[in-house]
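See structure below.
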Amino acid sequence: MKILTEHIDVPQIETIAVYKKNGGYKAVEKALKKMTPDEVTEEVKKSGLRGRGGAGFPMGMKWSFLAKPEGVPRYLVCNADESEPGTFKDHYLMWKSPHTLIEGMIVSSYALGANTSYIYVRGELMYVINILEKAIQEAYDQGLLGKNILGSGYDLDLFVQPGGGAYICGEETALLESLEGKRGNPRNKPPFPAVKGVWQCPTVVNNVESIAATSWIVNNGGDAYAAIGVGRSTGTKLISASGHIKKPGVYEIPLGITVEEFIYSDEWCGGIRDGHTLKAVVAGGSSVPILPADLILTTATGEKRLMTYESLSDGGFASGTMLGSGGFIVMDETTCIVHNTLTFARFYHHESCGQCSPCREGTGWMDKVIHRIEHGKGRKEDIDLLVDVAKKIEGNTICPLGDAAAWPVAAAIRHFRDEFEWHIEHPELATKDGAVYMRPGASWAR
Amino acid sequence: MEGKNQIVFPAETLELVAKIIKRYPEGKHKSALLPILHLAQAQWSWCSPEVMDYVASLLSLSPVEVYEVASFYTMFHLEPVGEHVIEYCRTGPCCLMGGVEVYDHLKKRLGIQTGETTADGKFTIKEVECLAACGWGPVFQIREKYHMHLTTEKVDQIIDELSK
């Protein structure tokens, strides 16, 4: 079942002619001519679609919070600042099929009553920005953007805004600050963007993948979307698969397949690279807790783990993780967990905006302490120190970057403490090129 | 030779600047700052104080409003760079795919460390965080172009090509 990527490999799908030939822009026709904005919102609510950027908040509900005071413009801003390590699905979708996003933007803007919308794309993806701008121009030329779209009386202008290289701008209030031409410092909430967003006007910020899914929902109905998936995990999800698998790439899966099937089936990742064994997975982008092989494949109670919001978080942080953005990073037995955790800690240290002391200072501490463990200079008390610092960041910052920095470190120690201890106790072994600790009796031990 | 090195966008870029400012509501032209900083960097290769002052004048901002923004975002070079800036991803997934070895090779080949520029002014190497191309790693970016699935051989090819 493909919703977003059904035609993604059709040659020249990036052009409006080919996109239309494959059923494109029917949702705009249907929504603007046959439905009211509230009816579109109702279908999105029925679909159960949850925010695909990582938070998983129900999209229809987010839309319903949008304030609609008379005479005040409202805005839809697409969050295309994809920067969560392990995640590259939005990049893929916009690069291959820009009109899929643009069509979703038109339908969603109509539902929200926005007459100007923005797609905020991370600045590094300048080539994707050029692809989007070309596609937007095509849509204007065909009367799908601009004044009186398809004679419906609805006006929409759509612009692309480049970022400047800052992970924090994926946080919605930081993104809005950045769109206003400022440093990307997250705002305190409330007020929420739905009430006071960009330029203090009511604003909805949604992820690329979420917005792109709305066209299919308009065409086929919210119930049809909700029929895919399991429980509250409805529809399909783009998973960015990377690491030690045979076939890295972006896969659109129906939510609810087993993790085992996703990793080992030829339809998806194709299994672990030849001659190697699964050691660990970070299932939802670098922020979510890493899990060792046994816990990613089955829950602590022995059930097969599914690719759903609920199943991946089964067991809480003690034995579970999160679906997050769907950045699925697979590691085999050659992976040094301490080194991998160091790259994540360094990432959050680099990306902290510096506004809140626990995050600004704490991410620096974690980076420094893991760095010295990795380089054979670790001290016995360092592991508990890391746990303590992570705990002091978590929940004590304006935005979720603090949590995102704390969780991977805490989880790496929770599940691979012996590996950190080995680095500290045997620095001469641990600092050798390519040295990796093998847990005796582990399923991945050689 | 007054005027020769004066920092002014060419006429067509100025037209583009005017168009960009119109993307935002009246009075919200500060929003054009990031797009215009990108144009300025493309024009002058780095954001010198003079370039930033010029951008400030275009948007009627005080210079400090531009400095504080340019210094927040990692894409803007606040010091001179070489002709080709190679920005390699150092984050986890690219490292899993052998990034460390590939980047070490790159540094050895050019004889410089991260943050440095070759003596002939041809290449600068910078370390960056995740470029959202994890499944195609290791990755580096040179201007707008992503170079993916890097190997030491591929790095040599790219450097050879750019050295011509």
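Read-outs throughout are calculated quantities, based only on the coordinates presented, and are distinct from any laboratory measurement. Predicted, not measured: the structure shown is a model, and the values here were computed from it. Neighbour counts are summed over all protein chains in view; Cβ atoms, including those assigned to glycine, are modelled from backbone coordinates with ideal geometry.
Worth a mention:
- Most positive-pole-ward Cα, A:G153, A:Q142, A:Q200, against dipole of segment A:126-222 from beta carbon charges: A:Q200
- Each other residue within a Cβ distance under 12 Å of A:L112 adds +1 if Lys or Arg and -1 if Asp or Glu, for a net charge of +2.
- A DSSP coil position with no more than 14 other Cβ atoms inside 10 Å describes the following trypsin sites (Lys or Arg not before Pro) in segment A:65-172: A:K147.
- Annotation: peptides A:60-70, A:335-345, ranked by per-residue average of other Cβ atoms within 10 Å with the highest first, follow the order A:335-345, A:60-70.
- Net charge dipole, the protein assembly as shown: roughly 860 debye, given to the nearest 20, about the Cα centre with Cβ charges of +1 for Lys and Arg and -1 for Asp and Glu.
- Estimated from helices alone, the mean residue ellipticity of chain A at 222 nm is -12500 deg cm²/dmol (sum of -39500 (n - 2.57) over DSSP H runs with n ≥ 4, per residue).
- Dipole of the protein assembly as shown computed with +1 at Lys/Arg Cβ and -1 at Asp/Glu Cβ about the Cα centre; of B:V8, A:A67, A:L401, farthest Cα towards the positive end is A:A67.
- Cross-link pairs exceeding 22 Å between alpha carbons, from the set A:K182/A:K368; A:K20/A:K134; A:K20/A:K96: A:K182/A:K368.
- Counts of other chain beta carbons within 10 angstrom of each beta carbon in peptide B:18-24 average 3.
- For the peptide A:160-169, the mean number of other protein chain Cβ atoms found within 10 angstrom of a residue's Cβ is 5.
- Averaged over the residues of peptide B:72-84, the number of Cβ atoms from other protein chains lying within 10 Å of each residue's Cβ is 3.
- Tally of Lys pairs whose C-alpha atoms are under 29 Å apart, taken over segment B:1-136, 8 or more apart or cross-chain: 11
- Antiparallel bridge percentage (DSSP; both residues within segment A:16-227; nearest 5): 10 percent
- Protection-proxy order for peptides B:90-97, A:151-158, A:24-31, each taking the mean of Cβ atoms within 10 Å per residue, highest first: B:90-97, A:24-31, A:151-158
- Candidates A:L125, A:W95, A:G48 compared by Cα position along the dipole of chain A: farthest toward the positive end lies A:G48, with charges placed on Cβ.
- Beta bridges per DSSP with both ends in the protein assembly as shown, % antiparallel, nearest 5: 50 percent
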